[in-house]
């Protein structure tokens, strides 16, 4: 009787160990879920879609190399269609689906909408290309890109010291958080370097007619009161604004920011886009091995050249998340957040990602591009020696 009892207990222990082992095996095989939010339709599609494509490339490479912690990565993207309600609903759907982290958007407004919801669920949020330096303060998110105060300072310095520009007009999209911020930082930096902002003018994102602004700008130009215009564009209106400025007889230099880094600048602006100078995250003309390798892999997967630098940003955002997971050897959201704060000297396609203690905005160089022959050509790469205080913008 005793022997039978011992045998039964032994059988139960073995069975329990098998069950536990099977459970661990199942957990190890379960994919790591990453929730992705992008506006694949609407005025931001020309930057969000390349970011999503490149993020998928990064996932492929991670999985081909054995995954993370022995598990495959599964990234699912929801197109939020540049709609507030869609953004809120999609963020909640990802959170309730049990994602380990979220990656989203190349524009500030949408991150400001989604990331606070992710924070309520305790899920880390990385933005590929939203550049407002106060995003971490307001939402707890991490940036894979530089801040607007960096790109504002980079082109302000170039305008003053290299182009010898001294007084300009700044066009602000008063309905767009990003435009307001980047123009504020540009104004501050240009004044820092010794220049003057002659006047500001205002428009709204969905306008189609900029003739009133163009008329005022031409009058200022003809009176010798301005020698350039800096425009806070988004991808959907960049080409149209440039076209109307030139058709209206304005010939002073047009300067802009990374919202102009879109095929739409040339597709819509046509010959009028020639000579536009803008800041961005990367020149695809760069011959650095990391850039060349990315381009070749992108072409192999999608059959086309990367559309702009927001593609590489999507790739870097996924690799940043992977690095955070490796740092803490965990896919628990809270531990991933801790891992991201430990990232130092991560070589990305768009530059080195490294967070100073207490910061969630990496220090990265800024590329200055000019439209020449319908192509975006690198004219300089700048690491700003001055950064506007983030708090000067809303």
query: Over all distinct Cα pairs, what is the inverse of the mean 1/r for the stretch 66-186, reported as the Kirkwood hydrodynamic radius in Å?
result: 16.1
- request: Return the whole-Å distance between the Cα centroid of the stretch 365-394 and the Cα centroid of the stretch 179-235.
  value: 17
query: Tell me, how many Å apart are the Cα centres for the stretch 77-148 and for the stretch 292-310?
result: 25
message: I want to make sure I understand the PRE zone here: with the label point 7 angstrom from the Cα of residue 212 toward its beta carbon, which residues in the stretch 234-274 have backbone N atoms less than 18 Å away?
response: 241, 244-245, 248
- prompt: Using bins 10 angstrom wide from zero, how does P(r) for the stretch 117-227 break down, in % of all Cα pairs?
  reply: 13, 34, 32, 14, 5, 1
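Against the globular-protein guess of 2.2 N^0.38 Å, express the Cα radius of gyration of the stretch 299-384 as a ratio, rounded to two decimals.
Cα-based Rg divided by the globular estimate yields 1.32.
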query: Using the Kirkwood formula over every pair of different C-alpha atoms, what hydrodynamic radius in Å results for the stretch 245-394?
result: 17.4
query: What length, rounded to one decimal in nm, is gained on full extension from residue 300 through to residue 285, with 0.36 nm per residue of separation minus their alpha-carbon distance?
result: 3.6 nm
- line: Extension length gain for residue 352 and residue 83 (0.36 nm per residue less Cα distance), in nm, is 93.6 nm
- prompt: Against the longest alpha carbon principal axis of the chain, how many degrees, from 0 to 90 and to the nearest 10, is the axis of helix 2-29 turned?
  reply: 10
message: Taking mean projected area of the Cα convex hull in nm² straight from the coordinates, which label in (1) 20.3; (2) 19.2; (3) 21.8 is the correct one?
response: (3)
- request: Could you list 106, 145 in order of exposure, starting from the residue whose Cβ has the fewest other Cβ atoms within 10 Å?
  value: 145, 106
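The numbers here are math on the coordinates, done by the rules we state, and not lab data. No experiment lies behind these values; they were computed from the predicted model shown. Positions of Cβ are backbone-derived with ideal geometry, glycine not excepted, and every protein chain shown enters the neighbour counts.
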